[in-house]
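Working notes for the structure below.
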(Lines give C-alpha, C1' and ligand atoms only; values in the text may rest on other atoms or scores of the structure.)
Protein backbone atom coordinates (compact mmCIF):
# COMPACT_ATOMS: atom_id res chain seq x y z
CA UNK A 1 0.00 0.00 0.00
CA UNK A 2 1.45 3.46 -0.88
CA UNK A 3 2.68 5.44 2.11
CA UNK A 4 0.65 8.56 2.94
CA UNK A 5 2.25 9.93 6.13
CA UNK A 6 5.79 11.29 6.06
CA UNK A 7 8.03 12.89 8.67
CA UNK A 8 11.23 14.49 7.37
CA UNK A 9 14.06 15.98 9.44
CA UNK A 10 17.20 17.84 8.54
CA UNK A 11 19.19 20.94 9.44
CA UNK A 12 16.85 22.10 12.28
CA UNK A 13 13.81 21.55 10.01
CA UNK A 14 10.93 19.13 10.64
CA UNK A 15 8.21 18.51 8.06
CA UNK A 16 5.12 16.42 8.75
CA UNK A 17 3.03 15.64 5.66
CA UNK A 18 -0.12 13.53 5.33
CA UNK A 19 -1.62 12.81 1.91
CA UNK A 20 -5.35 12.36 1.43
CA UNK A 21 -6.70 14.05 4.55
CA UNK A 22 -9.77 16.26 4.73
CA UNK A 23 -9.14 19.44 2.66
CA UNK A 24 -10.20 21.63 5.60
CA UNK A 25 -7.47 20.20 7.88
CA UNK A 26 -3.76 21.07 7.66
CA UNK A 27 -1.93 18.38 5.69
CA UNK A 28 1.62 19.69 6.07
CA UNK A 29 3.41 21.35 8.96
CA UNK A 30 6.82 22.98 8.46
CA UNK A 31 8.90 23.76 11.56
CA UNK A 32 12.29 25.52 11.60
CA UNK A 33 13.32 26.29 15.18
CA UNK A 34 10.57 28.48 16.67
CA UNK A 35 8.96 29.15 13.26
CA UNK A 36 6.01 26.87 12.48
CA UNK A 37 3.60 27.14 9.57
CA UNK A 38 0.75 24.77 8.62
CA UNK A 39 -0.68 24.25 5.13
CA UNK A 40 -4.00 22.88 3.95
CA UNK A 41 -3.95 20.68 0.82
CA UNK A 42 -4.94 23.56 -1.50
CA UNK A 43 -1.74 25.46 -0.58
CA UNK A 44 0.56 22.47 -1.28
CA UNK A 45 1.88 22.05 -4.82
CA UNK A 46 2.90 18.57 -5.97
CA UNK A 47 4.59 17.55 -9.22
CA UNK A 48 5.49 14.03 -10.31
CA UNK A 49 9.06 13.93 -11.60
CA UNK A 50 11.57 11.28 -12.54
CA UNK A 51 13.17 11.85 -9.13
CA UNK A 52 9.98 11.27 -7.15
CA UNK A 53 7.14 13.56 -6.18
CA UNK A 54 8.23 17.18 -5.65
CA UNK A 55 6.20 18.81 -2.87
CA UNK A 56 6.49 22.58 -2.42
CA UNK A 57 5.02 25.23 -0.13
CA UNK A 58 5.27 29.03 0.10
CA UNK A 59 7.09 30.05 3.28
CA UNK A 60 7.17 33.81 2.67
CA UNK A 61 5.20 35.43 -0.14
CA UNK A 62 4.68 39.09 -0.91
CA UNK A 63 3.23 40.53 -4.08
CA UNK A 64 5.93 43.18 -4.39
CA UNK A 65 9.25 42.18 -2.84
CA UNK A 66 9.49 38.43 -3.41
CA UNK A 67 9.68 35.64 -0.92
CA UNK A 68 10.81 32.11 -0.16
CA UNK A 69 9.57 28.62 -1.09
CA UNK A 70 10.52 25.25 0.32
CA UNK A 71 10.22 21.91 -1.40
CA UNK A 72 11.29 18.31 -0.99
CA UNK A 73 11.24 15.07 -2.95
CA UNK A 74 9.17 12.14 -1.72
CA UNK A 75 10.03 8.65 -2.88
CA UNK A 76 7.28 6.34 -4.06
CA UNK A 77 7.29 3.68 -1.38
CA UNK A 78 4.84 0.95 -0.38
CA UNK A 79 4.58 0.41 3.36
CA UNK A 80 2.27 -2.14 4.97
CA UNK A 81 -0.02 -0.58 7.57
CA UNK A 82 1.60 -0.67 11.01
CA UNK A 83 5.15 -0.60 9.61
CA UNK A 84 7.62 2.22 8.93
CA UNK A 85 10.06 2.71 6.06
CA UNK A 86 13.12 4.97 6.31
CA UNK A 87 14.51 7.06 3.45
CA UNK A 88 16.86 9.94 2.63
CA UNK A 89 15.95 12.89 0.44
CA UNK A 90 16.74 16.53 -0.19
CA UNK A 91 14.97 19.75 0.76
CA UNK A 92 15.25 22.80 -1.48
CA UNK A 93 14.80 26.48 -0.62
CA UNK A 94 14.19 29.09 -3.30
CA UNK A 95 14.52 32.78 -2.51
CA UNK A 96 13.08 35.01 -5.22
CA UNK A 97 12.69 38.72 -5.91
CA UNK A 98 9.45 40.47 -6.68
CA UNK A 99 8.73 43.22 -9.18
CA UNK A 100 9.47 45.95 -6.59
CA UNK A 101 12.68 44.41 -5.20
CA UNK A 102 15.67 46.75 -5.25
CA UNK A 103 18.04 45.51 -6.43
CA UNK A 104 16.16 42.89 -8.43
CA UNK A 105 18.02 39.58 -8.07
CA UNK A 106 17.62 36.26 -9.83
CA UNK A 107 16.26 33.35 -7.81
CA UNK A 108 18.73 31.61 -5.52
CA UNK A 109 18.48 28.02 -4.29
CA UNK A 110 20.03 26.09 -1.44
CA UNK A 111 19.61 22.45 -0.47
CA UNK A 112 19.59 20.51 2.78
CA UNK A 113 19.91 16.77 3.38
CA UNK A 114 16.87 15.20 5.03
CA UNK A 115 16.04 11.81 6.47
CA UNK A 116 12.50 10.62 6.74
CA UNK A 117 10.03 7.99 7.73
CA UNK A 118 7.03 6.84 5.72
CA UNK A 119 3.91 5.08 6.99
CA UNK A 120 0.49 4.08 5.71
CA UNK A 121 -2.18 5.42 8.05
CA UNK A 122 -5.94 5.90 8.05
CA UNK A 123 -6.76 9.60 7.56
CA UNK A 124 -9.84 11.55 8.70
CA UNK A 125 -12.27 12.35 5.94
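The values are calculated or read from the model by the stated rules, or taken from the named source; none is laboratory data. If you're wondering where the values come from, they're calculated on a predicted model, not measured in any experiment. No Cβ is skipped: glycine too gets one built from the backbone with ideal geometry, and neighbour counts run over all protein chains shown.
Considering only residues that are within 20 Å of the chain's Cα centre (by Cα), closer than 30 Å to residue 82 by Cβ and either part of a loop (DSSP other than H, G, I, E, B) or modelled with pLDDT under 80 (or both), which ones fall in the range 99-123?
120, 121, 123
Per-residue answers, yes or no, for (1) surrounded by fewer than 13 Cβ atoms within 10 Å (Cβ to Cβ); (2) within 25 Å of residue 31 (Cα to Cα); (3) out of contact with any helix residue (DSSP H, G or I) (no Cβ under 7 Å at 6 or more places or on another chain); (4) in contact (Cβ under 8 Å) with a residue 24 or more places away in the chain:
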{"position": "81", "(1), (2), (3), (4)": "yes, no, yes, yes"}
{"position": "87", "(1), (2), (3), (4)": "no, yes, yes, yes"}
{"position": "95", "(1), (2), (3), (4)": "no, yes, yes, yes"}
{"position": "104", "(1), (2), (3), (4)": "yes, no, yes, no"}
{"position": "109", "(1), (2), (3), (4)": "yes, yes, yes, no"}
{"position": "113", "(1), (2), (3), (4)": "yes, yes, yes, yes"}
{"position": "119", "(1), (2), (3), (4)": "no, yes, yes, yes"}
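Working only within the range 68-79, note down all residues that are in a loop (DSSP other than H, G, I, E, B) and either exposed (fewer than 15 other Cβ atoms within 10 Å of the Cβ) or within 15 Å of the chain's Cα centre (by Cα) (or both).
75, 76
Any idea how many residues of the range 53-67 are assigned to a strand (DSSP E or B), more than 11 Å from the chain's Cα centre (by Cα) and exposed (fewer than 15 other Cβ atoms within 10 Å of the Cβ)?
Count: 3.
Go through the range 40-52 and give me each residue that's part of a strand (DSSP E or B), surrounded by 12 or more Cβ atoms within 10 Å (Cβ to Cβ) and over 10 Å from the mean Cα position of the chain (by Cα).
52
Could you check the range 4-19 and list, in sequence order, the residues that are closer than 13 Å to residue 53 by Cβ and not in a strand (DSSP E or B)?
4, 19
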